[in-house]
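Asker: Pasting in a structure now, in C-alpha cells, and then I'll have a few things to ask.
The values are calculated or read from the model by the stated rules, or taken from the named source; none is laboratory data. Fair warning: this is a prediction, and the values are worked out from it, not measured in the lab. Methodologically, a virtual Cβ is constructed for each residue, glycine included, from the backbone with ideal geometry; neighbour enumeration extends over all protein chains shown. Note: areas computed on protein heavy atoms with side chains; ligands, DNA, RNA excluded. Shrake-Rupley method; radii C 1.70, N 1.55, O 1.52, S 1.80 Å.
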Amino acid sequence: MASAASLSLAVNLHVPVLTCKHCNKQWAPEVSDFVRSGYWPATMQAQTLFHQDLFHSFAAMKTTAPGMSVKAFTAMLDQRTKRFGRTGKVNADAFQKSFLQYVYCNSEVDQLLEKESFVCPACSPEMVLFQWMATENSTGSRKQTSESEEPGFFDGVFLSQDSEVSSFVEEVRRKSRTAGRAMCGESHWTAARETSKQANKLDEEGVEIAVCRHAFLLKDLNMYGGEIFTNPMFLQKEFQDAAFVAMDVTCRYVPYLEKVSEALTHLQPLQKMRHCLSVMHAKAHNTKCEILWNARNQEGAGTTLGEEVEQVNSFLSRCALTTKYMSKSVRTDMRTVHAIGWNRRKENGLHIALSSRFKKMQQSLKKMQDQLHCSDDMLKQWVVDVISGPVAPVLLMLVVCRSQSKHSFSVSICQKKHYLYRQNDRNKRRQKITQKIAQEKKRLLEEIQRYNQQPDGDPVDTHSVVQKLSNKAAESMIWPWQEQNTDGVDILTKKKLFDQLMLVSRLPEEKQILVKEMMQHCQH
C-alpha cells in the first residue's frame, strides 16, 4: 500500500489476507480497519483508498480558495502522484463523493458530541442582532436538475428545504395583498420588491443568507423569484429571539411586515424585533431615513455595523464559480461544506475579534470637539439641531407637496448631473437627460414658491437654490431649507458630529454586549 506521505491515495488496492498457521482461520481487513488506520474507502470493495489527510487538505483549500474546483484539485493530485511512480488519473467524481461522505460522517459525529456547526458561540443562547442579504445572478445555478435525483447528504441542514420556503411564500401571497414602490427618496432598491419573476435560464437565481453580527453563517435558502420580502421574512421567523434585525431596505420592509402580520397572526411576534439599517447602505437612503433607521442611532445595538454579511457574500460568490454548474444535491452538500469551513475559521479567531472590537474610535468624539472648539453644552444643542433639522423640513415638504418634495427634486437633479457624462457616452442620450434636468429645475422652483406661501414655513431663498444647482457651485447635499442655523455652523458639520456622538454613545452598550458574548463563548 502506498504511504500517506507520498501518494495520499491508493488505487486498485489488493487487500491482504492473513492465515493462522494453527487453525487456518483467515482474516482480511474491513472498512472499519481502514478508517481507524486513517484511510477512507472510495468503494465498498475498498479497491481505492483516500487518506483522510487529503480530505482535510481539500476542505482547507475550499475555505481558503473557494473558487477551486474538484477537477482542478484532482488534476493537481495527478501531477503530484506521478512523481512517486503512480500511473493513471484520479477519478474526480469518486473523490468528490468520498469527500462528501467523509464530511457528512464527521458532522454526524459532531452532533453526537453536541457540536453545532451553524451556531455562533458568542450569540448563543441570546443573540443581539442578525442580518441577511441576497446574492443574485453570480450564484444562480444552471437548469440541469433531474426530478429523480436523490437528495444530498445535508438536505435541510444549512440550506432550507425548497418545499418549506415555497409553501411559506404561497401562504403570504394568498392571504395578504400588498403593493408598494421600492423607492426611498430617489433611490430604487431592487431588493425592496414584493413580487418578481424567475429567470428562464436559471434553476436557482441566487441565495438568501442569514448571519449574526460576528459573520457566522446561520441559515440559507434558494431564491427562485429574485429578491422578494417573503424570503427574509422566512429567515426572520427562524431567529425570533434576536433583539435586532438589520437589512439594506428596512424602511420598506417594516411597513410590509406590518401589513402581512395583520393577515397572518402567527407572524405578529416578528414585530417585536427591532429593525435597523446597515451602516453603509444607510448612506444611500435619504437623510430622514438614515437618521431614523441607522444602526448607529439605535439604542442597545452597540457598534454593530450590519455589514458583516458582505464578508460572507464575497466568500459565497467565489464558491458559486463552481457550485452553479453542479447538480442540485451536490450543490447543496458543497455549499454546506463551504459554510462549515467558514464558521470553523470564524470560531478559531472569535476570541481575538471580541477582544479587539472595543479598541476602535474611542477618541473620535474628543478629537472632533477639540478641532471645532465645541463644549459639551454646545454639543448637546447641535445634536438637537441635527435631529430637528434635516428630518422636520423633509416631513413638512411631504405634507405640503402632493407629488414630490423639493428635497427629492434637488437630489434627483444632482444625481442626473453627476452621472451625465459618467454613464452616457451618446449626445442623444445626454440631450434627453439635460431636458429632464431643466424640467425638474422648473418644477423644483414651483414647489419652492408654493412652500414659501405657507404661513408656518420659513421662506427659502430661490437664488441660493439656483446657485447650488449650477455647475459652478460646489456639490453639497445640504440645501437652503436645511441651513436654518444661528451659530454659523452648517447642518452638515453638525451631522458629522452627531454621527460620531452616536458612535461613541454605543461604546458603553458595546462593552456590555461584549462581556455577555465572551461569557456565552466560554460557556458554549
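Asker: Based on alpha-carbon centroids, what's the gap between region 251-302 and region 323-357 in Å, whole number please?
Answerer: 28 Å
Asker: Another question, if that's okay. Percentage of Cα-Cα pair distances in region 228-364 greater than 24 Å, rounded to whole percent?
Answerer: Result: 46 percent of Cα pairs exceed 24 Å.
Asker: Report the per residue volume, in Å³, of the convex hull enclosing the C-alpha atoms of region 18-82.
Answerer: In region 18-82, the Cα hull volume divided by residue count equals 115 Å³.
Asker: Same structure, new question: Could the peptides 168-175, 314-321 be put in order, highest first, of the mean number of other beta-carbon atoms found within 10 Å of their residues?
Answerer: Going by the mean number of other Cβ atoms within 10 Å, highest first, we get 314-321, 168-175.
Asker: Compare Ser163, Ser117 by solvent-accessible area with a 1.4 Å probe and give them largest first, with all protein chains kept in place.
Answerer: So, going from the largest accessible area down, we get Ser163, Ser117.
Asker: So how much slack lies between Asp377 and His524, counting 0.36 nm per residue of separation and subtracting their Cα-Cα distance, in nm?
Answerer: Computed gain between Asp377 and His524 is 48.4 nm.
Asker: A further question follows. With a 1.4 Å probe and all protein chains in place, put Arg426, Arg296, Arg331 in order of accessible area, largest first. Provide the component values of the computation, followed by the final result.
Answerer: Working: Arg426 150, Arg296 35, Arg331 5 Å².
Order by accessible area, largest first: Arg426, Arg296, Arg331.
Asker: Sort Trp132, Trp40 from largest to smallest accessible area, using a 1.4 Å probe on the heavy atoms of the protein chains. Write down the numbers at each step before the final one.
Answerer: Numbers: Trp132 10, Trp40 35 Å².
Per-residue accessible area, sorted high to low, gives Trp40, Trp132.
Asker: How would you rank 121-129, 252-260, highest first, on the average number of other Cβ atoms within 10 Å across their residues?
Answerer: Top to bottom by mean Cβ count within 10 Å: 121-129, 252-260.
Asker: Given the Cα-Cα distance of Thr64 and Ala284 and 0.36 nm per residue of separation, how much length would full extension add, in nm? Walk me through the numbers on the way to the answer.
Answerer: On the way: separation 220, 0.36 × 220 = 79.20 nm, distance 3.21 nm.
Gain on extension, Thr64 to Ala284, equals 76.0 nm.
Asker: Could you check the simple spin-label distance between Lys89 and Gln161, using points 7 Å along Cα→Cβ, in nm with one decimal?
Answerer: 3.8 nm
Asker: As a test question: what accessible area, to the nearest 10 Å², does His524 have when a 1.4 Å probe is rolled over all protein chains in place?
Answerer: 110 Å²
Asker: A further question follows. How many nm is it between the label spots at Glu446 and Lys71, if each spot is 7 Å from the Cα in line with the beta carbon?
Answerer: 6.1 nm
Asker: Here is a follow-up. Provide, for q = 0.13, 0.18, 0.27, 0.28 Å⁻¹, the log10 of I(q)/I(0) from a solvent-free Debye sum over equal Cα point scatterers in region 306-362.
Answerer: -0.46, -0.73, -1.12, -1.15
Asker: At a Förster distance of 45 Å, what's the computed FRET efficiency of Glu150 paired with Ala263, Cβ-Cβ distance as r, to 0.05? Intermediate results must be reported in sequence, preceding the final value.
Answerer: On the way: r = 38 Å, r/R0 = 0.84.
Taking R0 as 45 Å, the efficiency between Glu150 and Ala263 is 0.75.
Asker: Right, here's the next one. Please work out the FRET efficiency for the pair Ser57 and Ile352, using the Cβ-Cβ distance as r and a Förster radius of 22 Å; give the result to the nearest 0.05.
Answerer: It comes out at approximately 0.35.
Asker: Calculate, in nm to one decimal, what Gln26 and Arg174 gain on full extension: separation in residues at 0.36 nm each, minus their alpha carbon distance.
Answerer: 46.5 nm
Asker: Per-residue counts of other Cβ atoms within 10 Å, averaged by peptide: what ranking do you get for 96-106, 300-310, 430-440, highest first?
Answerer: Numbers: 96-106: 18.5, 300-310: 21.8, 430-440: 13.3.
Ranked from most to least packed, the peptides come out as 300-310, 96-106, 430-440.
Asker: Pairs to check: Lys324/Lys346; Lys175/Lys441; Lys97/Lys237; Lys89/Lys346; Lys219/Lys259. Give those whose C-alpha atoms are more than 32 Å from each other in this structure. Spell out each step's value before the answer.
Answerer: On the way: Lys324/Lys346 25 Å; Lys175/Lys441 44 Å; Lys97/Lys237 34 Å; Lys89/Lys346 35 Å; Lys219/Lys259 25 Å.
Exceeds cut-off: Lys175/Lys441; Lys97/Lys237; Lys89/Lys346.
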